[in-house]
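Quick notes on the structure that follows.
Nothing in this text is a laboratory measurement; each read-out follows from the coordinates by a stated rule. Please read these numbers as outputs of a predicted model, since none were measured by experiment. Neighbour counts are summed over all protein chains in view; Cβ atoms, including those assigned to glycine, are modelled from backbone coordinates with ideal geometry.
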Amino acid sequence: MSTDWTARPSATPADADAVLEIRGLRVDYGAGAHAIHAVNGVDLTLHRGEVLGVAGESGSGKSTLAYAASRLLRPPGRTVAGEVTYYPAGAGRQEPGIDVLALPPERLRKFRWTELSVVFQAAMSSLNPVLNVATQLTDALEAHRPGMTRRQCLARARELLELVNIDVARLSAYPHQLSGGQRQRIMIAMALVLEPEVIIMDEPTTSLDVVVQREILARVMELRARLDCSVIFITHDLSLLAEIADTIAVMYAGKVVEIAPAEVLCQTPSHPYSAGLLSSFPSLHGPHRTLVGIPGLPPDPRALPAGCPFHPRCGEAVAACSRDVPALFALGQRHQAACLVREAAAHAELNATDSRQASPSLPGRAER
Ligand SMILES: Nc1ncnc2c1ncn2[C@@H]1O[C@H](COP(=O)(O)OP(=O)(O)O)[C@@H](O)[C@H]1O
Ligand SMILES: [Mg+2]
């Protein structure tokens, strides 16, 4: 392949089952000294068939990441560095992926409907108010599946409504005649209309009440299994991700500060910020926890504190935290965190284990 939107020949997936790889992504709003670094060097891999949860308080850069990765970013937003590579199903492992950031407009339209689609929070403003549900669904089909007849398109629209649990009678309804939960489910149906391999959901349930929220989440999980797609699910509510995600990435001030399998992150979070987020929301199932939350507010992105951007709010910060910027370090096979205190503790433990192994006469911790 030699089109200019195939990625560099070396860009075969680092993980054999990667469907979307984000590498070194940086997104600014504005330019020059006053630019806001909303996404500040993010690496993430979405694996085929997985739900990758992205959590973090408002302003941490989650939506900006979604916009940039799907090429929906608008000025003053600018992707200033990094790569987004999509690996279609069925492509040979040696084939280079698709360089999403270099896709020309025509190819991008196809990409956004048939390969990757996005569901945003504001369903009312994303739906066309003057078109009924049937038209919104069938327009997309008619545009991208020219071989389908009108009757086939309508049958598919009906099927999609059933899939998201909406009465097919609502096909003739207009957005303003639907409840918030129904509109959000129509948005999900719209995103699924061409069966994309990747769906990015940015806070798709945030404005809804808990009962509707749970019902929609259950649908998302069912659809993932039925349609065999991969999902990036963005939310500020970490307890929600505990229910549905396979892997969770926690973002703070434009960076991933911890990433781990969902059960590891929820049961033994390493970064103090992840622990704080977990204690900010009641868990939907799990044991009862005392909610303490996180003191203070997320930092102003135009004036990030020196060192670890979380240190002014962190109960465990030491002097180095206000000086050195932590990088992600490996805590386990698929577990990384960016915290100087945790990293030092992990090193100390490792050294202790090493010296115990080097001098077996020294008592191990359990023997002391
Ligand atoms: N259009 C914009 N112009 C300027 N700054 C923006 C714009 N959109 C977002 N930002 C800034 O980028 C940062 C990240 O925002 P966002 O990606 O929306 O975070 P999240 O989705 O996690 O709440 C925030 O500090 C926000 O103020
Ligand atoms: Mg957002």
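Observations, loosely collected:
- Between region 175-191 and region 131-171, the alpha-carbon centres lie 13 Å apart.
- Placing one equal scatterer on every Cα of region 124-195 and applying the Debye formula, the log10 ratio I(q)/I(0) at q = 0.13, 0.22, 0.24, 0.26 Å⁻¹ is -0.31, -0.90, -1.07, -1.25.
- If both residues of a DSSP beta bridge must be in the chain, then about 65% of such bridges are antiparallel.
- Gyration tensor verdict on region 14-135 (Cα atoms; rounded if a/c is under 1.5, prolate if a/b is larger than b/c, oblate otherwise): oblate
- Backbone N within region 290-330 under 20 Å of label point (7 Å from T206 Cα along the Cβ vector): 293-302
- Gyration tensor verdict on region 257-338 (Cα atoms; rounded if a/c is under 1.5, prolate if a/b is larger than b/c, oblate otherwise): oblate
- Label zone (R158, point 7 Å along Cα-to-C-beta; backbone nitrogen cut-off 17 Å) within region 130-144: 133-139.
- The chain: projected area of the alpha-carbon convex hull, averaged over directions, in nm²: 22.5 nm²
- Approximating the spin labels as points 7 Å out from Cα along Cα→Cβ, the R334-to-R23 distance works out to 2.1 nm.
- The simple Förster model, with R0 at 30 Å and r as the Cβ-Cβ distance, assigns L101 and M221 a FRET efficiency of 0.50.
- For D354, D99, order by how many other beta-carbon atoms lie within 10 Å, fewest first: D354, D99
- Dipole size of the chain about its Cα centre, with +1 on Lys/Arg Cβ and -1 on Asp/Glu Cβ: approximately 560 debye, rounded to the nearest 20.
- Computed helical MRE - 222 nm, the chain, DSSP H runs ≥ 4 contributing -39500 (n - 2.57), nearest 500: -9000 deg cm²/dmol
- Cα gyration tensor category, rounded, prolate or oblate, for region 75-156 with a/c compared to 1.5: oblate
- Computed E for N351/S280 - FRET, C-beta separation, R0 51 angstrom, nearest 0.05: 0.90
- Rounded to the nearest 20 debye, dipole of region 49-142 from Cβ charges on Lys, Arg, Asp, Glu: 220 debye
- Pair A306, A320: separation of 7 Å Cα→Cβ label points (nm): 1.7 nm
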